[in-house]
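K.L.:
Next up is a structure, given as C-alpha cells.
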Amino acid sequence: SMPHVAELSRRYGDTAQLTVRSCFDAVCVGKVEGRYAHRLASRIGELRPLHSCAAGKAMLAFQPPEALDEIIRNATFEPVTAHTIVSPEALREELQEVRAKGYALNHEEAEIGVCGAGAPVLDRDGTAVAAISIAMPANRFHEHDGEDVGRATRNVALKISGMLGYVADSWSGGRRHV
C-alpha cells in the first residue's frame, strides 16, 4: 500500500499517510514526506481523535452502523481547534457526506493552518480497515481545490481497497452499511 501512498504524496508534493483506527483515535502507521519545506509534522504512531482528522472521518463513515453507534456514543468530542466537530449530530451529518463522496476533508480541524483529505481503505465488504490521507498548508489546499484533492485521495484509496478484494466499477458511495 505504501507505493500508492507515495503516488499521492508525489502528485501534490505534500505528506501522505496510511492510518488505522485504534479505539477513538486514528494512528499513523506509515507516511511519505512531502517535498516542500513547509509540511505537516507527523510521526509514525501519532494519535489524532477520529472526529478531528480527514482519515478518522473517512474510517468512521465506513464502519457498520452498530460499530459507528458505539464509537460515537463513547467519544468525548473534545475540540482540537475552533474548527473541530464537537457534537455527535454534526459528526453524523458530515459522515453522510463522506459516504456519498468517498472522501473526507479537514479544514483546520486538527491543526490551525493545515487542511487535508482522507479516504477509506475498504475490505471486500466495504468496511474501512484503514485510510490514506494527505495534509498540506491551507493556502496550498485551496489552490489545488480541496474537492479535487479529495477525489484524487479516494481514487488512490480505491486501488489499495482493490488489493483487499473490494470491487467497485465507479464510486457508488459505498452504501453497503448505510
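We did not get these values from a lab; they are worked out from the coordinates using the rules stated. Quick caveat: nothing in here was measured; it's all calculated off a predicted structure. Positions of Cβ are backbone-derived with ideal geometry, glycine not excepted, and every protein chain shown enters the neighbour counts.
K.L.:
Please state which of the following conditions GLU66 fails to meet, knowing it meets all the rest: (1) more than 16 Å from ALA26 (Cα to Cα); (2) touching an Asp or Glu at 6+ places or on another chain (Cβ under 8 Å).
P.N.:
GLU66 satisfies every listed condition except (2).
K.L.:
Can you tell me which residue within region 1-56, out of those that are acidic (Asp, Glu) and touching a strand residue (DSSP E or B) at 6+ places or on another chain (Cβ under 7 Å), is nearest to VAL121 (Cα to Cα)?
P.N.:
Step one: of region 1-56, the residues acidic (Asp, Glu) are 7, 14, 25, 33, 46.
So of that shortlist, the ones also touching a strand residue (DSSP E or B) at 6+ places or on another chain (Cβ under 7 Å) come out as 14, 25, 33, 46.
Details: ASP14: 20, ASP25: 16, GLU33: 20, GLU46: 19 Å.
Checked region 1-56; the qualifying residue nearest to VAL121 (Cα to Cα) is ASP25.
K.L.:
A follow-up question, please. Which of the residues belonging to region 113-166 are of a type in the set (D, E, K, R) and either within 15 Å of CYS53 (Cα to Cα) or in a helix (DSSP H, G or I) (or both)?
P.N.:
ARG140, GLU143, GLU147, ASP148, ARG151, ARG154, LYS159
K.L.:
Six or more apart or on different chains, Cβ under 9 Å: which pairs go from a residue in region 126-140 that's free of Cβ contacts under 8 Å to residues at least 12 places away in the same chain to one that's outside any strand (DSSP E or B) and of a type outside the set (S, T, N, Q)? Could you list them?
P.N.:
Short answer, once both residue conditions are applied: ASN139/GLY113.
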